[in-house]
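Read-outs: derived from the displayed coordinates by stated rules, not from any lab. What you see is a predicted model, and the numbers here were worked out from it, not measured in a lab. As a convention, Cβ positions derive from the backbone with ideal geometry for all residues, glycine included, and neighbour counts pool all protein chains shown.
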Number of protein chains: 2
Amino acid sequence: DETNKKPIEPKPDFYKDEPKRNPQLKVLTQKPFNAESPKEISAENLVTPLEFHFIRNHMPVPHIDTKTFKLEILNVSNGEKIEFSLDDLENKFNSVTIPVTLQCSGNKRKFMNELGQVQGLMWDVNAISTALWTGVLLKDLLIHCGIDLNDPKIKHVIFEGLDKDPAGVVYAASVPIEKVRSDNGDVLLAYKMNGQDIPLDNGYPLRIVVPGVIGARSVKWVGKIILSDVESQSFWQLNDYKVLSPSIKNLKEADFSKLKAVQESPIQSAICQPVDGNIIKRENGKFIAKGYAFSGGGNEIESVLVSIDNGQNWKNATLKKFDRPLYRSWAWTLWEAEFDIPEGKDQIEIVCTASDSNQNTQPESAKSIWNARGLLNNSWHRVKVNIQ
Amino acid sequence: DETNKKPIEPKPDFYKDEPKRNPQLKVLTQKPFNAESPKEISAENLVTPLEFHFIRNHMPVPHIDTKTFKLEILNVSNGEKIEFSLDDLENKFNSVTIPVTLQCSGNKRKFMNELGQVQGLMWDVNAISTALWTGVLLKDLLIHCGIDLNDPKIKHVIFEGLDKDPAGVVYAASVPIEKVRSDNGDVLLAYKMNGQDIPLDNGYPLRIVVPGVIGARSVKWVGKIILSDVESQSFWQLNDYKVLSPSIKNLKEADFSKLKAVQESPIQSAICQPVDGNIIKRENGKFIAKGYAFSGGGNEIESVLVSIDNGQNWKNATLKKFDRPLYRSWAWTLWEAEFDIPEGKDQIEIVCTASDSNQNTQPESAKSIWNARGLLNNSWHRVKVNIQ
Ligand SMILES: [Mo]
Ligand SMILES: [Mo]
């Protein structure tokens with residue numbers, strides 16, 4: 001009933017029950033808690049260890065009593081309600097485990113901000129992590145409930161979290177029914193992350209995982225799933241996670257009603273090692289650059305090009321990735337490339353760019369993709385290192 | 001049996017039975033016949049009239065006796081062969097009609113060639129057209145034949161044309177079984193184009209139409225379909241339509257065996273009106289730019305940005321497109337944008353760039369996507385006009 005309402009900024013004591021966090025995370029805000037994964041962890045781990053997964057919270061972490069918890073599924077088409085306990089979900093359905101990379105749509109925003117002020121958390125390149133998510137395929141669960149996924153009155157699947165603002169507005173988002181219905185969709189109602197209970201910050205006990213789609217739709221602490229003829233009427237669905245035209249310089253000029261909610265994310269890559277300002281010893285003769293590449297929509301990374309002369313010459317990086325079925329490549333690819341340290345230079349700029357199975361590539365600059373909300377900056381990442 | 005063999009250059013009299021063509025097509029080569037659609041036709045027609053559809057032939061046009069013609073389907077997994085007459089295909093199965101844009105993977109090659117020599121036909125921006133294709137969904141036909149599309153021994157679907165070189169090598173290509181099997185694949189065995197018999201140059205009587213994928217896989221004059229554990233061993237599948245690294249400057253250095261055959265094509269756009277060198281009258285005060293945008297893989301075009309100051313300011317073009325289900329947007333979008341003629345300039349450069357439902361965008365320059373075969377140039381298109 002809370003339609004398209006921006007959440008109220010709560011008083012700090014609203015955040016009295018926050019979980020303990022790994023001090024190695026790179027914190028952007030404490031309340032709500034938002035933190036990046038450390039770069040060296042991303043560079044080395046195809047699966048991010050649980051305690052290093054990035055965290056993007058919109059409100060305080062809810063504490064859910066798993067003994068009494070019931071997931072509610074509401075079919076607006078016929079008014080039917082169905083409830084499942086965690087025990088039902090974990091024991092009465094086939095479980096699947098899928099490697100999925102979640103990425104905040106604001107990842108790399110700080111570099112877009114350098115071209116003109118944008119609004120949002122100033123994420124560096126690590127608002128992205130990968131986990132092995134285990135759960136029930138939402139499609140299977142809905143079919144088990146007798147829900148007709150081709151019912152023309154069902155156009156969107158809404159996910160409501162149990163996290164809420166002081167006025168009781170819960171975090172919510174939706175995806176089109178086509179994503180849930182597709183044989184290549186893999187939308188998961190997850191109860192395990194890397195084989196363990198999902199950490200409190202990542203949605204314990206139940207999280208929707210929407211592979212290939214911006215993190216904002218993978219609703220944590222999910223308590224209710226609604227099969228609806230309209231998309232979620234939440235602020236985040238209607239007035240937030242949408243890509244404005246570069247001609248809109250200020251969010252106040254924006255008419256969000258004219259734009260579609262972002263779902264699948266574009267091809268992306270970043271350098272995680274070395275990091276900006278690192279010192280590389282000339283006596284080593286060589287150095288290795290490492291990072292990740294990822295494409296939404298199930299696309300596989302086919303190549304990562306790395307250059308130390310601003311793209312005059314490109315080197316094909318060595319790739320490390322999961323072996324996945326076509327159209328269902330949901331996790332990032334790690335890459336590395338070795339370079340000879342060039343003579344006569346005391347600084348090198350490293351730049352990388354990826355291509356995917358749809359042959360898409362990244363824009364060189366954020367100039368033409370700049371948007372006032374600072375979303376989906378997938379322009380080439382650059383890192384400067386000093387040679388000594 | 002003819003494995004990965006480059007077709008022989010035939011003597012000119014090998015082409016004695018070529019059909020009559022529309023003299024308004026922009027011809028690149030006569031033998032084989034390769035020609036673009038006129039720019040003014042692309043600018044104005046969401047469905048390209050049959051006689052204006054671009055033509056990309058690899059060999060002479062075969063003349064097929066439709067009375068005796070049989071399509072052969074061979075399942076390598078169990079050796080089973082099934083044959084269908086045209087009459088069977090047209091009358092015994094449900095027909096579907098789908099708007100599909102076919103694009104040669106060499107479209108816009110001439111602009112990539114400006115950055116460094118590439119090999120292939122020097123297509124301008126109109127090796128792309130759209131038709132309403134009618135036929136049988138290949139998936140339905142194969143299921144009707146009792147073929148198990150989840151048989152692990154079936155990994156690729158090979159299409160053999162009836163066009164051949166002097167040594168008898170036929171044009172052939174394949175797509176992964178996942179594309180054919182998918183609910184969102186829409187691979188069509190087509191027998192009508194814009195409601196009429198398919199023109200001789202576009203595959204009469206039967207053409208495979210693989211939506212969202214480069215034109216090279218939509219095999220014309222298809223005579224044989226093979227369900228196989230390996231992809232087509234044709235020259236065009238193995239050693240031709242693959243994107244080489246920009247570091248490979250010469251095709252002779254290329255190891256094609258290391259690369260995947262291109263299937264889905266990336267986001268693309270072009271300006272069709274005005275054309276390079278056109279004169280615009282200052283007294284009109286305004287002018288209109290028009291063109292197309294297209295993204296492979298079923299992605300929908302969400303925006304087209306147009307600029308007359310090299311991207312300092314972007315205008316959102318008005319879009320005209322088919323209303324299509326999510327993930328199955330197979331046709332281009334036409335766009336137009338009106339500009340005031342700026343004071344004090346006697347030349348204007350127009351530039352356009354598009355974005356799609358996967359939030360992918362086009363590279364500004366072809367520098368980082370340059371490849372020796374000149375494939376998939378989707379960099380920003382620029383047109384210079386003179387003001388008088
Ligand atoms: Mo996000
Ligand atoms: Mo082509």
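Table for the structure above
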read-out: Förster-model FRET efficiency, 30 Å R0, B:Glu114 and A:Leu115, C-beta, rounded to 0.05; value: 0.60
read-out: Highest-fluctuation residue, B:Ile271, B:Ile98, B:Ile348 considered, GNM on chain B with Cα pairs under 10 Å; value: B:Ile348
read-out: Number of partner chain Cβ atoms within 10 Å, mean per residue of A:318-328; value: 2
read-out: Ellipticity estimate at 222 nm from DSSP helix runs (n ≥ 4, -39,500 (n - 2.57)) divided over chain B, nearest 500; value: -2000 deg cm²/dmol
read-out: Cross-link reach list, aspartates and glutamates versus A:Lys11, counting only Cα pairs under 14 Å and skipping chain neighbours closer than eight places; value: A:Asp165
read-out: Cα-centred dipole magnitude for chain A, charges only on beta-carbon of K, R (+1) and D, E (-1), debye, nearest 20; value: 620 debye
read-out: Gaussian network model of chain A, springs between alpha carbon atoms under 10 Å - residue of A:Glu300, A:Glu114, A:Glu90 with greatest fluctuation; value: A:Glu114
read-out: Averaged over A:165-178, number of beta-carbon atoms from partner chains that fall within 10 Å; value: 1
read-out: Peptide B:179-188, shielding by other chains (average Cβ, 10 Å cutoff); value: 3
read-out: Relative contact order computed over the range B:277-388 (Cα-Cα under 8 Å; 6+ residues apart), in percent; value: 34 percent
read-out: Dipole magnitude of the range A:1-155 about its Cα centre (Cβ charges: Lys, Arg +1; Asp, Glu -1), debye to nearest 20; value: 520 debye
read-out: Whole-Å distance, taken between Cα centres, linking the range B:149-227 and the range B:14-31; value: 23 Å
read-out: Centre separation in Å (Cα based) which lies between the range B:46-81 and the range A:58-77; value: 55 Å
read-out: For the protein assembly as shown, convex hull volume per residue from C-alpha positions, Å³; value: 179 Å³
read-out: Highest-MSF residue in chain A out of A:His53, A:His144, A:His156 [GNM, Cα springs under 10 Å]; value: A:His144
read-out: Charge-dipole axis of chain B as Lys and Arg at +1 and Asp and Glu at -1 on Cβ define it, positive-most pick from B:Phe322, B:Ser357, B:Ser269; value: B:Ser269
read-out: Order of A:Asp276, B:Asp323 under a 10 Å beta carbon neighbour criterion, fewest first; value: B:Asp323, A:Asp276
read-out: Extension gain (nm, one decimal) between A:Gln312 and A:Leu149, 0.36 nm per residue minus Cα-Cα; value: 53.6 nm
read-out: Estimated dipole of the protein assembly as shown in Debye, rounded to 20 [Cβ of Lys and Arg +1, of Asp and Glu -1, Cα centre]; value: 1080 debye
read-out: The range A:299-354 versus the range B:245-293: alpha-carbon centroid distance in Å; value: 25 Å
read-out: Normalised alpha carbon radius of gyration of the range A:65-108 [divisor 2.2 N^0.38 Å]; value: 1.68
read-out: R0 of 30 Å, Cβ-Cβ distance A:Asn94-A:Arg21: FRET efficiency to nearest 0.05; value: 0.35
read-out: Farthest toward positive dipole pole in the protein assembly as shown [+1 Lys/Arg, -1 Asp/Glu at C-beta], among A:Ile214, B:Ser182, B:Ile369; value: B:Ile369
read-out: Least to most buried among A:Ile41, B:Ile267, B:Ile8 (fewest other Cβ within 10 Å first); value: B:Ile8, A:Ile41, B:Ile267
read-out: Hz values of 3J(HN,Hα) by residue in the range A:344-351 - Karplus curve (6.51, -1.76, 1.60), Gly and Pro given as x; value: x, 10, 9, 9, 10, 9, 9, 9
read-out: Residue order, fewest to most surrounding Cβ atoms within 10 angstrom, among B:Val61, B:Val27; value: B:Val27, B:Val61
